[in-house]
Amino acid sequence: QVQLVESGGGLVQAGGSLRLSCAASGSIPRFNIMGWYRQAPGNQRELVAGITSSGTTNYADSTKGRFTISRDNAKNTVYLQMNSLKPEDTAVYYCKLDPAVARLGPGYWGQGTQVTVSS
């Protein structure tokens, strides 16, 4: 089993910054993808950013250039640095971990952390 615990959410003004953290524990696949998803009320859950064990990243078009995903493999932790925040970034942000090869095991979700951006 893998457990994921997010932290760092909160209330921030438009243009401000937040840094989210997600710490993984348990039986973590060595090669994995950790990512951030978000879900606003009435919306589908969407990918924000992902990062592989080797550091390859991908971003949603809406966040590229403003958000930076990183990870500390020694700490089994992934971060999302969010700058130039906009009200439309308001959502519950979820951490997810998937094995690099899907057939090797299931994915895991964190409980989510609320990010609210005021105008």
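The values are calculated or read from the model by the stated rules, or taken from the named source; none is laboratory data. Note that this is a predicted model, so its numbers are computed, not measured. Note that each Cβ is placed from the backbone with ideal geometry, even for glycine, and that neighbours are counted across all protein chains shown. Ligands, DNA and RNA are excluded from the accessible area calculation, which covers all protein heavy atoms including side chains. Shrake-Rupley method; radii C 1.70, N 1.55, O 1.52, S 1.80 Å.
Summary of computed values
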| item | result |
| --- | --- |
| The chain: equivalent-ellipsoid semi-axes (sqrt of 5 x gyration tensor eigenvalues, Cα, Å) | 24, 14, 13 |
| Cβ-derived FRET efficiency at R0 35 Å, K75 paired with E46, nearest 0.05 | 0.85 |
| Förster-model FRET efficiency, 30 Å R0, R19 and R103, C-beta, rounded to 0.05 | 0.35 |
| Accessible surface of the chain, 1.4 Å probe, proportion on carbon and sulfur as whole % | 48 percent |
| Those lysines that a straight Cα-Cα span of less than 23 Å connects to K64, excepting residues fewer than 8 apart in one chain | K86, K96 |
| Solvent exposure of the chain as accessible area per residue, Å², 1.4 Å probe | 53 Å² |
